[in-house]
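Below is one structure, written out as structure tokens, with a few remarks after it.
The values are calculated or read from the model by the stated rules, or taken from the named source; none is laboratory data. Note that the structure is a prediction, hence the values are computed from the model and not measured. Reconstructed Cβ throughout: ideal geometry from the backbone, glycine too, with neighbour counts over all protein chains shown.
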Amino acid sequence: MSDVVEKTLTALPSLLSLDSQPGSAKLSSTAKLGNLIRGITELTSKHEEEKLIQHELASIKEQVSSPNTTMRQMRELMVRAVYCEMLGYEASFSYIHAIKLAQQGNVLEKRVGYLAVSLFLNESHELLLLLVNTVLKDLQSTNLIEVCMALTVVCQIFPKDMIPVILPIVEEKLNHPKEIIRRKAVLALHKFYLIAPNQVQHIHNKFRKALCDKDPGVMTASLHIYLQLIQENAEAYKDLTASFVTILKQVVGGKLPMDFNYHSVPAPWLQIQLLRILSLLGKNDQRTSEVMYEVLDESLRRAEMNHNITYAILYECVKCVYTIHPKSELLEKAAKCIGNFVLSPKINLKYLGLKALTYVVQQDPKLALQHQMTIIECLDHSDVIIKRETLELLFRITNAQNVTVIVEKMLDFLRLSKDDHMTIDIVGKVAELAEKYPFKHYSTMNAVFSLGGDMMQPEIPNGFLKLLSEGFDSEEEDRKLRLFAVSSYISLLQGEPSKLPQRFLQVICWVLGEYSFLKEDLEPSVVLGLLTKLLDMKSSSSETKSWVLVAMTKLCWSEAAVSEAQQVAETYSSSFDTTLRQRAQELQHLSRDSQLHSRVLPPGGRLEPDEVVDSSLSFLDGFVSEALSAGAAPYKPLHQRQEELSRSKVLSLEPYGLSLPISTSSCSITDRQSPTLLSTSSGLSGDGTDFSHRGSSTTLRLDGVKRVWGREGYLAQKKPVEEVAQVEVPSPLRSPSQQGDANSCRSKTPTPTANPECDQEKQQLASSLFGGLSSQSSVCLISGAAKMVNIQRFRRKAKGQRSSSTTNEQRANPTVSSASAVDNLLCNNLLEADTEPINSSAKQTFQHPHSLSVANGACDAEAILTDGDPKERNQPLSSEDFVEADDSPPREDQERSKDSCLTPHLPAELSGFSHSEIIPLCSSQSLDLSACHVQTDNSVVLVVFITNTSEDANLQIQVFCVCESPVEEVRGRSVSVRQYSLTVKMPLVHFELVGMLSYSIPAGMPQAMMQFSYKLPLTSFIRPLTVSTEEYGSMWLAFSHDTKQNLTLIKEEREPLTATLNALNKKLSLHVVEIIGVEGLVACSLLQDQPCLMHCRVHAGRLAVWLRSPVPDLPDCLLYHCQRALQEP
Amino acid sequence: MDGWMDGWMDGWMDGWMGGWVDGLLLTIGITSSFQMQFMLLFSRQGKLRLQKWYVPLSDKEKKKITRELVQTVLARKPKMCSFLEWRDLKIVYKRYASLYFCCAIEDQDNELITLEIIHRYVELLDKYFGSVCELDIIFNFEKAYFILDEFLLGGEAQETSKKNVLKAIEQADLLQENIDYQTRLFAGVMVPSMASESSGLFQS
């Protein structure tokens, strides 16, 4: 009885919703959504809306979980849930039901289910796995619509790991008779390619088939894939150029069905896609470019209609013309096109015109000249977006003559800017210009610091301080500049310092600490007083305070200052902030002991730029080995510790490694500029909001990055121009008249109202803005490199995120590194005996080697250098071969001179490789031991020569060098050669091998032992790594271990960078990938499989290098050798 | 002397050198994409009508972006440029009657063609609903999604032939028995406050 009641009750909701009658159900389903929507519209407050939606969600939740809800009702519920989510209310309870709907519903319900899934979930959602089976089933369905829906959802979201499950079926669909299915299949493969390129590598030829599909839609879809592929590797698809050109010709010629027309323009999307592909193919390739000139000309000519869509095509066409190998006729036409854009009254076109100008202006600065008046008008445009783009353009045409005006314009913009992102960007640009043209720099930087505030990137103040401390060409100028800085900062501090941004205050502190002695009439106690005020200010961050304390430390050399300093130190030595406490302690101690003070911080002391930093800290080797032998735990770098931490939950089944890398932790010495070091680390936490803001913006982008046209443009022509530009940069001199021009313009910036006088002002502004552009010789474009800095400043956070995500991956995969640590112990069985051993009955008595490889502390455990089968090669004295094999003296001599005939020599198969000198290791009465190492392609072979100097006795020897070796007999007066193939397990600056030789004379006698050691540098394991620039780029991002340093450039007048890199190439056999202007890319690998990349840049007469590698410690160790290599004459 | 030089250089390198090196490498190493990042439809009152995200983002980020963007776009004056620089993306927006269509693209993408993508989508909606108005989209937003998915897939233009898009949609719709769209039904019983939403998008 009760059963019946219960059933009735549970059935009630469905009865109430009148679902038993199909007609009304439909009505009610949409009606419910309608009611909801209208209900919301009638509400007046946000609060009421929230209440209503929560109520709605509660009722949806109740219904979806009821077992009696039909699929039809479910469909309606899902629509409502989607609506609620769109309004910003979470309905995660419905996700699983959306999947269920896609799985179990009929076609219509499925459609809503799939839609809800694609709206609710993102690629990484775990529920997505539940969708795989449904998709699989639908892909195999005979109902075309179901197949379409499955493919559509696959194109939007699909779990990466599950691609192999459906890949064969999707591939099959490429041959489907229906074009819509083929098209969607191609797009699905495109999607797969984007998220997991390796999975679809085998079907590249099927893409070609899709490209040749008779249906234009399928062909268009395949172009998405080709665009992607060609971006990654244009070389591989050059053969398709003609096909793309033919397609474009046909499209432009109107050969496609009318369906594809858009406002009577034939297939504009297709045209644009093809133009993008062509520009990638034709870049830096004259022959390929020639194939496309005709069709580009045709495109430029055809697109004459006055509609947005034709302008869109024209814009792409112009970009293409300026990207591929130039042809003057086309360039001319393209330039005219840009003119049409720029001069258009339509604001959207004007914007695009400016964008196009920005793109081409590095190639053709005169083009900007043609449109100077328009540019100036745009500079005062009411729309901030137009202004912003104009500044971008001006930034690209900055030269020594117009820099002042342009910077002034940028600062004007900054004063009005409210958008953080734009402010950061423009501040970066101004700082960069200021760095580039330092003589106009000073007051600009004050403005930058106060306008940019705490939003700017920390590298800007750092760069500025560096510039100030390193100085320019003349001492006098430097002094003046610094003095000016000191005076202006003093007056700023006397004003209202609480209004200044923290970063600026930090800069002020440093400058005052360092240079206030230059101002002779300034008492240090006055400065100290001002600084103390900063300490008392509530708004000062603790980071700023530590800068203040360091500045005080530098200043407290006079009597009056000391007492004040003492007082301050007293206060802060009990601060909660450890850094502040540390600084206060320094202040206290140094102010007490004036002798120490003057030694640590000599007044007016300058940076010694030529210091050599042994970043591998090899000077500590002795200390480390001592500590280790005393039982200290080996140092582990941070990443390793974290890895171990994450692994510690699992039982470790691997043997404990012996390894202990020498790591180069940055030592925190109480240094003069310590706040700089400090600031970079604390900058992250201090500006948390700023960073997170930028972070969220960058997560939007995938991985595309602004292309810098100038770099990839026609380099052969561009390079000389750039070099000219670099030579021109430092010349600060302007003709007086030009200077006058610039000044007058600065004082009178044009106003938006147009009157004759104003026009004149504009003319003046124009002449000052475009002054340097007309004569080619003084053109000084912001080079590609400079542009890149900016991109980076934009996207700095992106990098951070990427790297953090890679470390996460690493942590997630601890097995990878641990496995490699163990497996690195390779035994190469490459070498075989090539001559018959003299004593063929050599006793095969294998003995366990003594624990052997004890070397200096550093090398010790990780120098697990393995040997292959030791090779035996005993040479009889009087053999013909012997004489031939090495250049030892003629036989008559040999018999006379024992020494010469026993000269150790390299085995023939190794003679082709470079080898080190043969060094005697040790000797006893009857035995000489010497060794050398040979650098073969994939290993280093240690060749040990054992020479039996005794006349008659035969030796029985056994060498333990990591591996045991069979006991051998060496006859009197003969040389036994043994080879050990070495591989590196863990990079070190030097490796020291220790071996033991046990021998008995004559055979059978008690054994004697002899220990020897052999040292070889890391460089003998370094091999050049030949990669392309693109490969280099992608490798760079994948590597997690890095180090940076400034190195000395080789003094050579013309091309110091090339000379330096060549020296590195010669001495360390590093492969120079490419030299681009002032930057160089260098690659090498530790033997065959452990790459290390080096990025160099000439800056301020030094070579700033950045090394990256997947192998910990390799960058540091290699850097040491680079340093050494460049010091040697 | 050794020590302080060391620290100083570290600081400088971290910031500055990180800048240029990665800039270069990002430029050479990673391909750019012309894929659309997301599309938003919202009303003049700032009410979201449709959202399609082509890049994976958390709900929190989506909400934040939507809020900021709606505010920024609504604050723009009518004669201003249809493009916006926003964070490091380009926003292309266009207003049709009471409804704003707003797309986010990468900086190197072509703004004008994006504007035309929006226009083509409106054309498709117009053809499908027959002189479309905001109400059609509000009440039949799932249809609007279906059309969008048929036109743009994964942020790329999938099918640019108007006929083909509508054919695909209609084929699926045919299965929908003989349902007459209830939209029409509700357009009649209109709430007074919704008057603006019922004006055709193509009127302006």
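Condition check: at pLDDT 90 or above and more than 11 Å from chain A (Cβ to nearest Cβ). Does B:VAL132 satisfy that?
Answer is no for this residue.
State all residues of the range A:920-935 that are at pLDDT below 80 and either in a loop (DSSP other than H, G, I, E, B) or β-branched (Val, Ile, Thr) (or both); if no residue qualifies, say none.
Residues satisfying the conditions are A:SER924, A:GLN925, A:SER926.
If we only count strands (runs of 3 or more DSSP E) wholly inside the range B:81-170, which ones have 1 or more residues that are closer than 21 Å to A:VAL265 by Cβ and in contact with a Cys (Cβ under 6 Å, 6 or more places away or on another chain)? Can you show your working first?
Numbers: elements: B:83-86, B:89-96, B:99-105.
It comes to B:89-96.
Mind listing whichever residues of the range A:38-77 are closer than 17 Å to B:PHE139 by Cβ, basic (Lys, Arg) and touching a helix residue (DSSP H, G or I) at 6+ places or on another chain (Cβ under 7 Å)?
Selection gives A:ARG75 alone.
Checking the structure you have, find out if any residue of the range A:323-345 is touching a residue at least 40 places away in the same chain (Cβ under 8 Å) and buried (at least 23 other Cβ atoms within 10 Å of the Cβ).
Just the residues of the range A:323-345 that are touching a residue at least 40 places away in the same chain (Cβ under 8 Å), to begin with: A:323-326.
Remaining after also requiring buried (at least 23 other Cβ atoms within 10 Å of the Cβ): A:323-324.
Taking every residue of the range A:323-345 in turn, at least one turns out to be touching a residue at least 40 places away in the same chain (Cβ under 8 Å) and buried (at least 23 other Cβ atoms within 10 Å of the Cβ).
Regarding the range A:293-312, can at least one residue be identified that is part of a loop (DSSP other than H, G, I, E, B), within 12 Å of chain B (Cβ to nearest Cβ) and over 18 Å from A:LYS249 (Cα atoms)?
yes
For A:LYS209, are the conditions met, namely being assigned to a loop (DSSP other than H, G, I, E, B), surrounded by fewer than 17 Cβ atoms within 10 Å (Cβ to Cβ) and either within 12 Å of chain B (Cβ to nearest Cβ) or among the basic types (Lys, Arg) (or both)?
Working: assigned to a loop (DSSP other than H, G, I, E, B): no; surrounded by fewer than 17 Cβ atoms within 10 Å (Cβ to Cβ): yes; either within 12 Å of chain B (Cβ to nearest Cβ) or among the basic types (Lys, Arg) (or both): yes.
No.
Restricting to the range A:489-508, name every residue that is modelled with pLDDT of 80 or more and among the hydroxyl-bearing types (Ser, Thr, Tyr).
Hits for the range A:489-508 are A:TYR489, A:SER491.
Could you identify the single residue in A:LEU240, A:LEU187 that is more than 18 Å from A:LYS173 (Cβ to Cβ), aliphatic (A, V, I, L, M) and either in contact (Cβ under 8 Å) with a residue 24 or more places away in the chain or outside any helix (DSSP H, G or I) (or both)?
Working: A:LEU187 fails: more than 18 Å from A:LYS173 (Cβ to Cβ).
The unique qualifying residue is A:LEU240.
I'm told A:LYS418 meets every condition in (1) crowded, with 19+ Cβ neighbours inside 10 Å; (2) modelled with pLDDT under 80 except one. Can you identify the failing condition by its number?
Of (1) crowded, with 19+ Cβ neighbours inside 10 Å; (2) modelled with pLDDT under 80, only one is false for A:LYS418: (1).
Could you list, in sequence order, the residues of the range A:1089-1100 that are within 10 Å of another protein chain (Cβ to nearest Cβ) and either under 17 Å from A:HIS990 (Cα atoms) or crowded, with 23+ Cβ neighbours inside 10 Å (or both)?
The initial filter retains those residues of the range A:1089-1100 that are within 10 Å of another protein chain (Cβ to nearest Cβ), namely A:1093, A:1095-1097, A:1099.
Selection gives A:LEU1093, A:HIS1095, A:CYS1096.
If the requirement is being farther than 20 Å from A:ILE96 by Cα and within 12 Å of chain B (Cβ to nearest Cβ), which of these qualifies: A:HIS125, A:HIS190? Talk me through it step by step, then tell me what you get.
Working: A:HIS125 fails: farther than 20 Å from A:ILE96 by Cα.
Step by step, each of A:HIS125, A:HIS190 is checked, and only A:HIS190 is farther than 20 Å from A:ILE96 by Cα and within 12 Å of chain B (Cβ to nearest Cβ).
Hey, can you tell me all the residues within the range B:12-69 that are within 28 Å of A:TRP269 (Cβ to Cβ), facing chain A (nearest Cβ under 7 Å), surrounded by fewer than 22 Cβ atoms within 10 Å (Cβ to Cβ) and at pLDDT 90 or above?
Those that are within 28 Å of A:TRP269 (Cβ to Cβ), facing chain A (nearest Cβ under 7 Å), surrounded by fewer than 22 Cβ atoms within 10 Å (Cβ to Cβ) and at pLDDT 90 or above: B:LEU48, B:GLN51.
Could you list, in sequence order, all residues of the range A:1009-1026 that are polar (S, T, N, Q) and in a helix (DSSP H, G or I)? Full working, then the answer.
Looking only at the range A:1009-1026, we keep the residues that are polar (S, T, N, Q), and these are A:1011, A:1013, A:1019-1020, A:1026.
Those that are polar (S, T, N, Q) and in a helix (DSSP H, G or I): A:THR1019, A:SER1020.
Any idea which residue in the range A:56-85 is farthest from the other protein chains (Cβ to nearest Cβ), counting only those that are surrounded by fewer than 17 Cβ atoms within 10 Å (Cβ to Cβ) and under 49 Å from the mean Cα position of the chain (by Cα)?
Within the range A:56-85, the match that is farthest from the other protein chains (Cβ to nearest Cβ) is A:SER65.
Anything in the range A:939-982 that is at pLDDT below 75 and either charged (D, E, K, R) or within 41 Å of the chain's Cα centre (by Cα) (or both)? List them, or say none.
A:GLU951, A:ASP952, A:VAL962, A:GLU964, A:GLU968, A:GLU969, A:ARG971, A:ARG973, listed by residue number.
Quick one: A:SER264 ticks every box in (1) touching an Asp or Glu at 6+ places or on another chain (Cβ under 8 Å); (2) surrounded by fewer than 17 Cβ atoms within 10 Å (Cβ to Cβ); (3) hydroxyl-bearing (Ser, Thr, Tyr) bar one, so which box is it?
(1)
Suppose we keep only residues that are farther than 21 Å from A:VAL430 by Cβ and either at pLDDT 75 or above or acidic (Asp, Glu) (or both) within the range A:443-481. Which one would you say is surrounded by the most Cβ atoms within 10 Å (Cβ to Cβ)?
The extreme case among them is A:ASP478.
Of the conditions (1) out of contact with any Ser or Thr (no Cβ under 8 Å at 6 or more places or on another chain); (2) in a strand (DSSP E or B); (3) surrounded by fewer than 21 Cβ atoms within 10 Å (Cβ to Cβ); (4) more than 12 Å from chain B (Cβ to nearest Cβ), A:ARG1124 satisfies every one except a single condition; which number is it?
That leaves (2) as the condition not met.
This table checks each residue for (1) at the interface with chain A (Cβ under 10 Å from one of its Cβ atoms); (2) surrounded by 22 or more Cβ atoms within 10 Å (Cβ to Cβ); (3) under 22 Å from the mean Cα position of the chain (by Cα); (4) at pLDDT below 80.
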| position | (1), (2), (3), (4) |
| --- | --- |
| B:LYS127 | no, no, yes, no |
| B:GLU156 | yes, yes, yes, no |
| B:LYS162 | yes, no, yes, no |
| B:LYS167 | yes, no, no, no |
| B:PRO192 | yes, no, no, yes |
| B:GLN203 | no, no, yes, yes |
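What about B:GLU116, is it at pLDDT 90 or above, under 13 Å from the mean Cα position of the chain (by Cα), within 24 Å of A:ILE385 (Cβ to Cβ) and facing another protein chain (nearest Cβ under 7 Å)?
So B:GLU116 passes the test.
What do you reckon, is A:PHE192 without any contact (Cβ under 8 Å) to a residue 40 or more places away in the chain, crowded, with 20+ Cβ neighbours inside 10 Å and assigned to a loop (DSSP other than H, G, I, E, B)? Break it down into steps so the answer makes sense when it comes.
Details: without any contact (Cβ under 8 Å) to a residue 40 or more places away in the chain: yes; crowded, with 20+ Cβ neighbours inside 10 Å: yes; assigned to a loop (DSSP other than H, G, I, E, B): no.
In short, no.
Given the options A:LEU1103, A:LEU1064, name the one that is in a strand (DSSP E or B), crowded, with 23+ Cβ neighbours inside 10 Å and not acidic (Asp, Glu). Step through it out loud before you land on a result.
Values: A:LEU1064 fails: in a strand (DSSP E or B).
The unique qualifying residue is A:LEU1103.
For residues that are out of contact with any His (no Cβ under 9 Å at 6 or more places or on another chain), β-branched (Val, Ile, Thr) and closer than 24 Å to B:GLU150 by Cβ, scanning just the range A:212-234, find the one that is nearest to the other protein chains (Cβ to nearest Cβ). Before the answer, list the steps.
From the range A:212-234, those out of contact with any His (no Cβ under 9 Å at 6 or more places or on another chain) are A:212-220, A:223, A:226-227, A:230-234; that's our starting set.
From the residues that got through so far, the ones that are β-branched (Val, Ile, Thr) too are A:218, A:220, A:230.
When the remaining residues are screened for being closer than 24 Å to B:GLU150 by Cβ, the result is A:218, A:220.
Working: A:VAL218: 10, A:THR220: 7 Å.
It comes out as A:THR220.
Somewhere in the range A:101-122, is a residue among the hydroxyl-bearing types (Ser, Thr, Tyr), modelled with pLDDT of 90 or more and either surrounded by fewer than 19 Cβ atoms within 10 Å (Cβ to Cβ) or assigned to a helix (DSSP H, G or I) (or both)?
Applying the first criterion (among the hydroxyl-bearing types (Ser, Thr, Tyr)) to the range A:101-122 yields A:114, A:118.
Okay, now just the ones that are also modelled with pLDDT of 90 or more, so A:114, A:118.
Still in the running and either surrounded by fewer than 19 Cβ atoms within 10 Å (Cβ to Cβ) or assigned to a helix (DSSP H, G or I) (or both): A:114, A:118.
Yes, there is a match, as at least one residue in the range A:101-122 is among the hydroxyl-bearing types (Ser, Thr, Tyr), modelled with pLDDT of 90 or more and either surrounded by fewer than 19 Cβ atoms within 10 Å (Cβ to Cβ) or assigned to a helix (DSSP H, G or I) (or both).
Kindly indicate the residue of the range B:135-152 that is at the interface with chain A (Cβ under 9 Å from one of its Cβ atoms) and under 13 Å from the mean Cα position of the chain (by Cα) and also nearest to A:ASN308 (Cα to Cα) among those meeting that condition.
Here the answer is B:ASP149.
Report, by residue number, each residue of the range B:85-109 that is at pLDDT 90 or above and either out of contact with any helix residue (DSSP H, G or I) (no Cβ under 7 Å at 6 or more places or on another chain) or within 7 Å of chain A (Cβ to nearest Cβ) (or both).
B:ARG95, B:ALA104 - these are the residues of the range B:85-109 that are at pLDDT 90 or above and either out of contact with any helix residue (DSSP H, G or I) (no Cβ under 7 Å at 6 or more places or on another chain) or within 7 Å of chain A (Cβ to nearest Cβ) (or both).
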